Amino acid sequence: MFVVTGATGNVGSHVVKYLADAGAEVLALTRDPEAARLPAGVRTARTDELPLEGATALFLNPAVVWQVGPEKLLERAKSSGVRRIVMLSSSSVLDDTDPQRNPIGARHRALEDEVKATGPEWTFVRPGGFAANALQWADQIKAGDVVYGPYARAQMALIHEADMGEVAARALLTDDLVGKAPELTGPESLSFADQVRIIGEAVGRPLRYEEIPHETAREQMVGGFLTPDMADSLLRVYAELVDRSQAISPEVERITGHPGRTFAQWAADHAADFS
């Protein structure tokens with residue numbers, strides 16, 4: 001049995017879909033099982049109950065792990081006989097750097113180390129920027145035609161959540177990625193301004209990105225959902241990516257057998273979220 005944490009989230013829902021399509025027995029963990037819309041045949045349970053008995057493999061969403069508590073969840077996995085853990089990590093983790101250079105990488109690396117110490121087979125899926133991060137602009141786009149944010153020319157190769165889910169499912173279903181930590185990107189490097197323009201094309205009206213000062217952006221980020229350290233780390237990355245094309249990883253196509261989904265496809269898939 002495959003257990004998926006964060007099963008109704010951006011990535012977890014795709015992990016569930018690909019496992020179900022493969023005919024696997026899946027238990028989806030979510031905060032509200034009654035509201036979950038998942039493929040037929042997929043069982044659901046509450047995340048905080050951690051029903052891992054009988055599980056052979058586990059997909060770990062870090063947000064869920066940190067919410068429940070790494071020690072509690074990983075100890076339950078060990079005692080339940082889970083033989084494989086596939087964790088959604090981050091490309092911020094640098095294998096040749098200790099300590100890690102930024103808090104995002106440090107936090108994910110610490111959890112990777114805890115997973116390794118638990119003893120099962122492991123795979124760490126390390127995506128870069130999520131295309132879904134563009135959903136942070138949804139309220140601005142619904143309210144008008146301008147998105148305000150930092151570093152308009154900062155470029156990222158954003159990855160569609162379906163590609164992350166497909167790679168994670170492959171790691172759960174096959175032995176191909178055991179002991180591996182593939183770094184994932186989308187197939188093209190786009191600036192924030194490009195991303196907003198493409199979303200405009202998907203929703204059928206012209207949109208533009210207007211750059212705001214670093215300090216203004218930091219205040220908004222810290223006032224939202226980020227710690228000061230994480231806001232500083234992200235803004236430092238954005239500044240370094242101005243007018244710099246991000247390298248494209250071949251891993252999505254190598255692992256799945258098809259090119260990564262474009263940001264335009266992601267925007268079309270999520271057009272309703274911006275309308």
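Some observations on this one:
- Residue among R197, R261, R254 that is at pLDDT 95 or above, of a type in the set (D, E, K, R) and touching an Asp or Glu at 6+ places or on another chain (Cβ under 7 Å): R261
- Checked against the criteria, A193 counts as touching a Lys or Arg at 6+ places or on another chain (Cβ under 8 Å), surrounded by 19 or more Cβ atoms within 10 Å (Cβ to Cβ) and in a helix (DSSP H, G or I).
- Inter-residue pairs, beta-carbon under 8 Å, first at positive phi and outside any helix (DSSP H, G or I) and in segment 68-88, second at pLDDT 95 or above and not hydrophobic (A, V, I, L, M, F, W, C), 6+ apart: G81/T56
- Residues in segment 118-159 that are modelled with pLDDT of 95 or more, exposed (fewer than 15 other Cβ atoms within 10 Å of the Cβ), farther than 24 Å from V242 by Cβ and out of contact with any Phe, Trp or Tyr (no Cβ under 8 Å at 6 or more places or on another chain): D139, A143, G144.
- Selection from segment 217-260 of residues that are basic (K, R) and closer than 27 Å to R107 by Cβ: R218, R236, R244
- Look at segment 232-246: where a residue is under 8 Å from A154 (Cβ atoms) and a partner is surrounded by fewer than 19 Cβ atoms within 10 Å (Cβ to Cβ) and of a type in the set (D, E, K, R), sitting 6+ places away or on another chain with Cβ atoms under 8 Å, you get V242/R153.
- Looking only at segment 70-114, and only at residues there that are of a type in the set (A, V, I, L, M) and under 18 Å from V3 (Cα atoms), the one that is surrounded by the most Cβ atoms within 10 Å (Cβ to Cβ): V86
The values are calculated or read from the model by the stated rules, or taken from the named source; none is laboratory data. None of the values given here were measured: they were computed from a predicted structure. Quick reminder, even Gly has a Cβ in these numbers, built from the backbone with ideal geometry, and neighbours come from all protein chains shown.
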